[in-house]
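What follows is a structure written as C-alpha cells; I'll ask about it next.
The values are calculated or read from the model by the stated rules, or taken from the named source; none is laboratory data. Treat the numbers as computed from the prediction; the structure is a model and nothing was measured. Here the Cβ positions follow ideal geometry from the backbone for every residue, glycine too, while neighbour counts run over all protein chains shown. For the accessible areas, the whole protein counts, side chains as well, though only heavy atoms, and no ligand, DNA or RNA atoms are used. Shrake-Rupley method; radii C 1.70, N 1.55, O 1.52, S 1.80 Å.
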Amino acid sequence: MINRRNFLWLIPLLLLITFPAWRMPLASFLEPRGGYDPEFGKGDKDKHNFILEDVIIIQNKTGRKTAEVRAERALTSDTPNEFELTSVITDIFDESNEKVNIRAETGIYNTETRQLTLIENVRVNRAAQNQKLFSDLLYYNDTSRTINCPGKTRLTGNNIEINGGSLDYNIATNQYTLGGRVFCTITGFTQP
C-alpha cells in the first residue's frame, strides 16, 4: 500500500538507485575549469602597493588638531602600516595652539603607532619664539607628544646658538633636554 507518507521515502531511494546513471554528467558539470596548479596559492602577494600624490595626514587628540603632515608623495613600504613620504612639511600644534613647522626631504609615517620619522635636512621653525633647529633625523610621537633628535642638532634663537649630541623636546611641558657634548654660544650677554 502506497500512501503519501510512504511516497516521501521513495524519492531518496530512487535517487540512490539511479546514481550510476547521473553521476558522470553531474561530476563533469561541477569540475573546476582551467585545471589545478598547487603553486598558484604560494606566490608572493602584494597586499598594499600604491603611490599617493599630495598627501595630507591630520592627527587629532580629544577633538583638537595636534599635527598636520603634508607630503608630495606617499608610497607603501614593506612594513605594514607604514608610508614612505617625500618632501615632507609638518605643522605640530602645542597646548596653546602655537604652530611648530618642520620640513624634511624624506620621512616615514606609521599609522598604527602614530610616529613620524623625518630624515635628511630636517629643519624645525618655531616662529613665535624665533627658534630654529637643524638635524638629520627627527622622531615625532603624537601619542606621547614628544620630539626626539638622536643625532647632532643645532638650535638657534634670539642671541643664542646651541650645538648638542641629541635633543628631546616635550610639547606638553615645553621643555628641552640636550644630550652629549653641548656647546652654547650666547651673544649680547652683559656681565652683572
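Hey, rough spin-label estimate for Ser96 and Glu68, points 7 angstrom out along Cα→Cβ, what's it come to in nanometres?
Placing both labels 7 Å along Cα→Cβ, they lie 2.1 nm apart.
Here's something else I'd like to know. Given q = 0.08, 0.15, 0.19 Å⁻¹, what are the Debye log10 I(q)/I(0) values for the chain, with equal point scatterers placed on the Cα positions and solvent ignored?
-0.46, -0.96, -1.29
Something else: Using modelled backbone amide H atoms (1.01 Å from N, in-plane), which distant-in-sequence or interchain residues come within less than 5 Å of Ser144's amide H?
Answer set, sorted by chain and number: none.
Go through the stretch 98-108 residue by residue and turn each phi into a ³J(HN,Hα) via Karplus (6.51, -1.76, 1.60, θ = phi - 60°); whole Hz please, and just put x for glycine and proline.
Couplings: 7, 9, 10, 9, 10, 10, 8, 6, 9, x, 9 Hz.
Let me ask something else. Let's test the formula: R0 of 30 Å, r as the Cβ-Cβ distance of Ala27 and Glu53. What FRET efficiency results, to the nearest 0.05?
Working from the Cβ atoms, E equals 0.05.
With r defined as the distance between the Cβ atoms of Asn159 and Asn110 and R0 fixed at 41 Å, what FRET efficiency is calculated, to the nearest 0.05?
Details: r = 38 Å, r/R0 = 0.93.
That pair, Asn159 with Asn110, gives E of 0.60.
For helix 4-17, report the angle its Cα long axis makes with the longest principal axis of the Cα atoms of the chain; keep it between 0 and 90° and round to the nearest 10°.
That helix lies at roughly 80 degrees to the long axis.
Under a crude label model (7 Å from the Cα following the beta-carbon direction), how far is Asp168 from Asp37 in nanometres?
5.4 nm
Per residue of the stretch 125-142, in order, report the coupling 6.51 cos²θ - 1.76 cosθ + 1.60 (Karplus, θ = phi - 60°) as ³J(HN,Hα) in whole Hz, putting x for Gly and Pro.
10, 10, 5, 5, 9, 6, 10, 9, 10, 10, 7, 9, 8, 9, 10, 10, 10, 6
A further question follows. According to a simple spin-label model (label point 7 Å from Cα along Cα-to-Cβ), what is the distance in nm between Tyr139 and Ile89?
Each label point is offset 7 Å from its Cα along the Cβ direction, giving 2.8 nm.
Where does each of 26-34, 172-180 land if you order them by average Cβ count within 10 Å, highest first? Walk me through the numbers on the way to the answer.
On the way: 26-34: 7.0, 172-180: 12.6.
For the peptides 26-34, 172-180, the packing ranking is 172-180, 26-34.
Angle check, please: helix 19-30 long axis (alpha carbons) against the longest principal axis of the chain (alpha carbons), in degrees 0 to 90, nearest 10.
For 19-30 against the chain, the angle is about 30 degrees.
Please enumerate, by chain and number, the aspartates and glutamates with C-alpha under 17 Å from the C-alpha of Lys61, excluding those fewer than 8 residues away in the same chain.
Within the straight-line cut-off, Lys61 pairs with Asp91, Asp94, Glu95, Glu98, Glu112, Asp142.
Moving on. Measure up Lys65/Lys99; Lys99/Lys152; Lys99/Lys132 against 20 Å on the Cα-Cα distance and list the ones that go over.
On the way: Lys65/Lys99 11 Å; Lys99/Lys152 24 Å; Lys99/Lys132 13 Å.
Flagged as over cut-off: Lys99/Lys152.
Now a separate question. Give the accessible surface of the chain per residue, rounded to a whole number of Å², with probe radius 1.4 Å and ligands, DNA and RNA excluded.
Details: 13740 Å² over 192 residues.
Result: 72 Å² per residue.
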